[in-house]
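One structure below.
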Ligand code: HEM
């Protein structure tokens, strides 16, 4: 089998480059070796990176027959557990996906629109005029509260507060560019006590697990059929043999939704705030559209209209194009010999659709490093040219929630505050766990509160 070209440095060094400077790694490989290229990011087979929309279409449209994906995600096992949707393949994956999808359907999402605006109001009311704050921390607070309510139906009380704080601490402990290495190198996953990095992570995870199991236990004892949160739906779901999910399966799916559902959306929102305040023209157009739209956080119909605003949608699309939070799709592992882009790959070869490089193709996105929402108003991109949520049978199940949340949080913030960037230093993308995020820091400041158009009850 002849593999596409790729770096010849020792795998350890390739992995180190990928961890410490993911975009530099992707760009240098793509410039030197073209599309596709191969890279050794671990002891296993080299991974094939592709950014050709035709080849991505072939993968996404033959996904379940030709590929496994779950077994390529072992790196996430310590966080998500063995039964997580992201780690499953074949029939088990299909079955779990069928159980999880309905609560994330677009129509269903609309029931969360007011909640999203209320939570945004709550969190941003802590901002002080003239005092720089961390956009990341605020956005993460919003998305975590949204997901805790949508998934657990939890919105107050001791368990909610504890989960909120523990989840943030636990994720921060494996998220900085340096501590992300904990996930990539098994050798670092050693418990040397509560002060060692891995030991600390394990203890925090144990505490989170305890809270989740307590919540499951309590729900089993006090069955309430009127509840519509995702945990309740999962608890009442049964497989073909009439078996409900056991506690460990439930825990793993909940953890998956909690982690996949708030980290990603928080990074996307932080980027959106950055771009809107970095580019005065973008901000002016967006504000003009919002001011004319009759945004009203208490009226679900008006919020549906806000979520359809063309320029607001384009700003969110461009945000996820220029620095996609997920730089890569989940790796697809060929189940049988596979011909793609003139190469023949043997079974077991991992292939990823490189979302970042596809979104930076000159032929699709001229001047790809410029943030220009208009490109989404001027033409339509296919699902293989623009793919921030992946595709095929593994396409992100939280897509509708994430898109709606991005638009409503932005609309709420812009209607309530004037904000500005602190200083002129551009905000650079950095690795955060397995994702790409804006660097942290207090680089945003509220300069003035805008007169409220409509009161929001919290
Ligand atoms: C801006 C926010 C988000 C981005 C950019 C994003 C991106 C992605 C991507 C690229 C994938 C892999 C798809 C593939 O390989 O084809 C994925 C999978 C997934 N996402 Fe998201 N996601 C976001 C928000 C969410 C939310 C809000 C949830 C749930 C509450 C969620 C839950 C999941 C799950 C469970 C999977 C695995 C699907 C499977 O394996 O079948 N994501 N996401």
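The values are calculated or read from the model by the stated rules, or taken from the named source; none is laboratory data. Quick caveat, the model's predicted, so the values are computed rather than measured. Every residue, glycine among them, receives a Cβ derived from its backbone with ideal geometry; neighbour counts consider all protein chains shown.
Residues that are more than 26 Å from residue 273 (Cβ to Cβ), more than 9 Å from the ligand (Cβ to nearest atom) and either free of Cβ contacts under 8 Å to residues at least 40 places away in the same chain or not in a loop (DSSP other than H, G, I, E, B) (or both): does the range 357-373 have at least one?
yes
From the residues in the range 132-143 that are assigned to a helix (DSSP H, G or I) and more than 13 Å from the ligand (Cβ to nearest atom), which one is farthest from residue 208 (Cα to Cα)?
135
Between residues in the range 142-161 that are in contact (Cβ under 8 Å) with a residue 60 or more places away in the chain and over 17 Å from residue 117 (Cα atoms) and residues that are away from the ligand (no atom under 16 Å from the Cβ) and assigned to a helix (DSSP H, G or I), which pairs lie under 9 Å by C-beta distance while being six or more apart or on different chains?
152/159; 152/160; 152/215
Restricting the search to the range 306-331, which residues are within 13 Å of the ligand (Cβ to nearest atom) and at pLDDT below 95?
Once the filter is applied, which keeps residues that are within 13 Å of the ligand (Cβ to nearest atom) and at pLDDT below 95, the range 306-331 yields 330, 331.
Identify all residues within the range 386-425 that are in a loop (DSSP other than H, G, I, E, B) and either under 21 Å from the mean Cα position of the chain (by Cα) or touching a residue at least 24 places away in the same chain (Cβ under 8 Å) (or both); write none if there are none.
Residues of the range 386-425 in a loop (DSSP other than H, G, I, E, B): 386-391, 395-398, 422-425.
Within the range 386-425, 386, 387, 388, 389, 390, 391, 395, 396, 397, 398, 422 meet the criteria.
Taking residue 48, is it outside any helix (DSSP H, G or I), over 18 Å from the mean Cα position of the chain (by Cα) and in contact (Cβ under 8 Å) with a residue 40 or more places away in the chain?
Here the answer is yes, as residue 48 does meet what is asked.
Looking only at the range 144-185, which residues are within 16 Å of the ligand (Cβ to nearest atom), under 17 Å from the mean Cα position of the chain (by Cα) and either surrounded by fewer than 21 Cβ atoms within 10 Å (Cβ to Cβ) or at pLDDT 75 or above (or both)?
144, 145, 146, 147, 148, 150, 151, 167, 171 - these are the residues of the range 144-185 that are within 16 Å of the ligand (Cβ to nearest atom), under 17 Å from the mean Cα position of the chain (by Cα) and either surrounded by fewer than 21 Cβ atoms within 10 Å (Cβ to Cβ) or at pLDDT 75 or above (or both).
Given (1) more than 22 Å from the chain's Cα centre (by Cα); (2) assigned to a helix (DSSP H, G or I); (3) under 28 Å from residue 429 (Cβ atoms), where does residue 56 come up short, assuming only one miss?
The number of the failed condition is (1).
Return the only residue of 383, 420, 353, 437 being modelled with pLDDT of 95 or more, within 16 Å of the ligand (Cβ to nearest atom) and under 30 Å from residue 172 (Cα atoms).
After applying the criteria, what remains is 353.
From 260, 301, which residue is farther than 20 Å from residue 443 by Cα, within 15 Å of the ligand (Cβ to nearest atom) and in a helix (DSSP H, G or I)?
260
Go through the range 237-257 and give me each residue that's away from the ligand (no atom under 16 Å from the Cβ), without any contact (Cβ under 8 Å) to a residue 40 or more places away in the chain and surrounded by 12 or more Cβ atoms within 10 Å (Cβ to Cβ).
Hits for the range 237-257 are 244, 247.
Please enumerate the residues belonging to the range 29-44 that are over 15 Å from residue 4 (Cβ atoms) and in contact with a helix residue (DSSP H, G or I) (Cβ under 8 Å, 6 or more places away or on another chain).
Taking the range 29-44 as the starting set, the residues that turn out to be over 15 Å from residue 4 (Cβ atoms) are 42-44.
Those that are over 15 Å from residue 4 (Cβ atoms) and in contact with a helix residue (DSSP H, G or I) (Cβ under 8 Å, 6 or more places away or on another chain): 42, 43.
Criterion first (under 24 Å from residue 374 (Cα atoms) and outside any helix (DSSP H, G or I)) does residue 274 satisfy it?
On the way: under 24 Å from residue 374 (Cα atoms): yes; outside any helix (DSSP H, G or I): no.
Here the answer is no, as residue 274 does not meet what is asked.
Across the range 335-350, which residue is farthest from the ligand (Cβ to nearest atom) among those that are farther than 17 Å from residue 390 by Cα and assigned to a strand (DSSP E or B)?
Among residues in the range 335-350 that are farther than 17 Å from residue 390 by Cα and assigned to a strand (DSSP E or B), the one farthest from the ligand (Cβ to nearest atom) is 344.
Just for the range 104-131: of the residues that are in a helix (DSSP H, G or I) and more than 17 Å from residue 406 (Cβ to Cβ), which one is nearest to the ligand (Cβ to nearest atom)?
108
Would you confirm whether or not the range 69-89 contains a residue that is away from the ligand (no atom under 14 Å from the Cβ), closer than 25 Å to residue 356 by Cβ, at pLDDT 90 or above and part of a loop (DSSP other than H, G, I, E, B)?
No, the range 69-89 contains no residue that is away from the ligand (no atom under 14 Å from the Cβ), closer than 25 Å to residue 356 by Cβ, at pLDDT 90 or above and part of a loop (DSSP other than H, G, I, E, B).
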